[in-house]
1. Where does each of ASP103, ASP198, ASP211 land when they are ranked from fewest to most other beta-carbon atoms within 10 angstrom?
2. Kindly express, to the nearest 10 degrees and within the range 0 to 90, the angle between helix 126-143's C-alpha long axis and the longest C-alpha principal axis of the chain.
3. Between ALA292, TRP213, SER281, whose Cα lies farthest towards the positive end of the dipole of the range 193-306 when Lys and Arg beta carbons carry +1 and Asp and Glu beta carbons carry -1, centred on the Cα centre?
4. Would you mind working out the magnitude of the charge dipole of the range 9-75 relative to its Cα centre, with +1 at each Lys and Arg C-beta and -1 at each Asp and Glu C-beta, to the nearest 20 Debye?
5. Rounded to the nearest 20 Debye, what is the dipole magnitude of the chain about its Cα centre when Lys and Arg each give +1 and Asp and Glu each give -1 at the C-beta?
6. For helix 10-22, report the angle its Cα long axis makes with the longest principal axis of the Cα atoms of the chain; keep it between 0 and 90° and round to the nearest 10°.
7. Which order do PHE44, PHE101, PHE288 fall in if you start with the one that has the fewest other Cβ atoms within 10 Å?
8. Along the positive direction of the dipole of the chain (beta-carbon charges: Lys, Arg +1; Asp, Glu -1; about the Cα centre), which of LEU255, LEU70, ILE171 reaches farthest?
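Values quoted throughout were computed directly from the atomic coordinates according to the rules given, and no laboratory measurement underlies them. Being a predicted model, the structure only gives us computed values, none of them experimental. Note that we place each Cβ from the backbone using ideal geometry, even for glycine, and neighbour counts take in every protein chain shown.
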Amino acid sequence: MQTILGASGQIGEELARALHKDFTSDIQLVSRNPKKVNESDQLFSADLLDARQTLSAVEGARTVYLTAGLPMDTQRWEAQWPVMMHNVIEACSAQGARLVFFDNTYMYPQTSEPQTENAPFKPYGPKGKVRAQIATQLLQAMDQGKLEAMICRAPEFYGPGKTQSITNATIINNVRSGKTARVFLRDDTLRSLIYTPDASRAMALLGNTADAWGQTWHLPCDDQRLTYRQFIALAAEVFGTQGDYKVIKQWQMKLAGLFNQTARDAAELLSRYKVDNIFVSDKFKQRFPEFAVTRYREGLLAMRNE
């Protein structure tokens, strides 16, 4: 059995589809309120903050995927992420299950240096520190032989359905509806974006590849990196809208943060928009040359037609 922890988000749903299509129908979906993606899915309700519930959720699984997310709330991240990671590691270790951890890039330096799997952890801000902490927890457990695992890391998302990302919320949703998009700090820096179905398909492939274990993998994205100015122009062409946008300055974000907790929580991520973001997924593409990466136009067309 292959079990998805945090199966209610877009990544978890797409992962369930990819596993069912290409690998197995023996899939268990775990969240507080799980719902079937495929008719054959098994459902299990659990809170990953509870060690016993997590242990029960992992029972019987050969491979476990941790795709859970938390709201953009710094205090919750600091209080809950280390507990969840500890519970999942201990549960997988006790049950003899392998773990695939879906991770982000918040722990990387917020510079224009290309990001490979060997990039150092130099987090900026509390959320980055939390992500570095939980990734390190897993790497240490792997080094100690507690479990067999891998880390699958992705840059900024864009995609269909209920994909939650800054790009979807501030740019794509607005361009699609003919509203003014919002770009943080600069519109001329190159962005690395991953299409959420690609992230899930790649993770399903890695989780079912014998020689992928014990490593960190950058999930594949379109290497034709665009600036947000270019991306908005492309999205406007696809959606048939004007593509109006405005650039939000740092002082405006700080001012908004005085009155809005969400704006305060997002403020620490702003530095990544000041410079080019070059996320390198060559390792994956060389290992899996047949994997078809969705190009930006293709992804936006699919979103237009959903």
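1. Details: ASP103 19, ASP198 23, ASP211 7.
With the sparsest Cβ surroundings first, the list reads ASP211, ASP103, ASP198.
2. The helix 126-143 is inclined about 30 degrees to the chain.
3. About the Cα centre, the residue reaching furthest to the positive side is SER281.
4. Values: 7 positive and 10 negative charges, 12 e Å.
Taking the Cα centre of the range 9-75 as origin, the dipole is about 60 debye.
5. Details: 36 positive and 33 negative charges, 184 e Å.
Using only the charged Cβ atoms, the result is roughly 880 debye.
6. Relative to the chain, helix 10-22 is tipped by roughly 60 degrees.
7. PHE288, PHE44, PHE101
8. Of the options given, the answer is LEU255.
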